[in-house]
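Undergrad: The structure under discussion is supplied below as structure tokens; questions concerning it will follow.
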């Protein structure tokens, strides 16, 4: 009867479809889960323990996983840029759209950080100051701060993914507004997907490293370039010279730039 109840519980799981439920019951991981389930129940009965199984939620992918799942690009870029901000110690740092539960949280652990995003943010933490705004529009923040970060954000702007307006050159408008917001001599920490130039609608754009270098050299001093390749390997302080650009033809890499704003001509 207990086995029947277990099978019935699995079959009733609402998180997956009926085919997935049946396959789970007859898979190697399903059998392992069942054996663990029976052993846990047996131990609980023998010990007279009070934490009886009331619901089941199979987490079978974790049987063979690493100690942590590293989201592609984010683990390395978030720690790397947060460390640069810690060392540089700006007066006012503004982040634009980066991951709140990664990069923003890292920075907020040691200093105040202002966060600008087109989406609302319901959060209450003393070191996080939120502003809502659309970076494709002028925000009235000229020469606002001496440090800006925008990690894995610009590639989305203008594609409508986050309820923003469709704008083919939305990413260029965003970059122009960042230049306006940043003070002369201020730092800009920037990352986007790199590889062969393309749009994967409506998820993101992928940029050629050479195109990014040409764009930034008109407005910034490039202090460093690092990248994450298709194997999710982080490479620090890489070359961005013309003769080395061919190596960055990834399917979906990540380029990380440390930039210093130059005065407008």
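The values are calculated or read from the model by the stated rules, or taken from the named source; none is laboratory data. These figures come from a predicted structure and were not determined experimentally. Note that each Cβ is placed from the backbone with ideal geometry, even for glycine, and that neighbours are counted across all protein chains shown.
Undergrad: Being in a loop (DSSP other than H, G, I, E, B) and at pLDDT below 95 is true for just one of 137, 163, 143. Which residue is that?
TA: Just one listed residue meets the conditions, 163.
Undergrad: Further, regarding this structure: Residue 245 versus (1) in contact with a helix residue (DSSP H, G or I) (Cβ under 6 Å, 6 or more places away or on another chain); (2) within 28 Å of residue 113 (Cα to Cα); (3) at pLDDT below 95: which is the lone unmet condition?
TA: Here residue 245 clears every test but (2).
Undergrad: Now for a separate question. Quick check on the stretch 204-262: of everything there that is part of a helix (DSSP H, G or I) and over 18 Å from residue 175 (Cβ atoms), which residue is farthest from the chain's Cα centre (by Cα)?
TA: If we take residues in the stretch 204-262 being part of a helix (DSSP H, G or I) and over 18 Å from residue 175 (Cβ atoms), then 243 is farthest from the chain's Cα centre (by Cα).
Undergrad: Still on this structure: Could you check, for the stretch 111-134, whether at least one of its residues is at pLDDT 95 or above, closer than 26 Å to residue 72 by Cβ, assigned to a loop (DSSP other than H, G, I, E, B) and touching a helix residue (DSSP H, G or I) at 6+ places or on another chain (Cβ under 6 Å)?
TA: no
Undergrad: Still on this model: Any residue that is in contact with a helix residue (DSSP H, G or I) (Cβ under 9 Å, 6 or more places away or on another chain) and surrounded by 20 or more Cβ atoms within 10 Å (Cβ to Cβ) - is there at least one of those in the stretch 231-239?
TA: no
Residue-by-condition table, conditions (1) in contact with a strand residue (DSSP E or B) (Cβ under 7 Å, 6 or more places away or on another chain); (2) under 21 Å from residue 156 (Cβ atoms); (3) touching a residue at least 24 places away in the same chain (Cβ under 8 Å):
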site: 206; (1), (2), (3): yes, yes, yes
site: 212; (1), (2), (3): yes, yes, yes
site: 218; (1), (2), (3): no, no, no
site: 223; (1), (2), (3): yes, no, yes
site: 240; (1), (2), (3): yes, no, yes
site: 244; (1), (2), (3): no, no, no
site: 253; (1), (2), (3): yes, yes, yes
site: 256; (1), (2), (3): yes, yes, yes
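Undergrad: Which residues, taken from the stretch 108-134, are more than 16 Å from residue 93 (Cβ to Cβ), in contact (Cβ under 8 Å) with a residue 24 or more places away in the chain and surrounded by 12 or more Cβ atoms within 10 Å (Cβ to Cβ)?
TA: Those that are more than 16 Å from residue 93 (Cβ to Cβ), in contact (Cβ under 8 Å) with a residue 24 or more places away in the chain and surrounded by 12 or more Cβ atoms within 10 Å (Cβ to Cβ): 118, 134.
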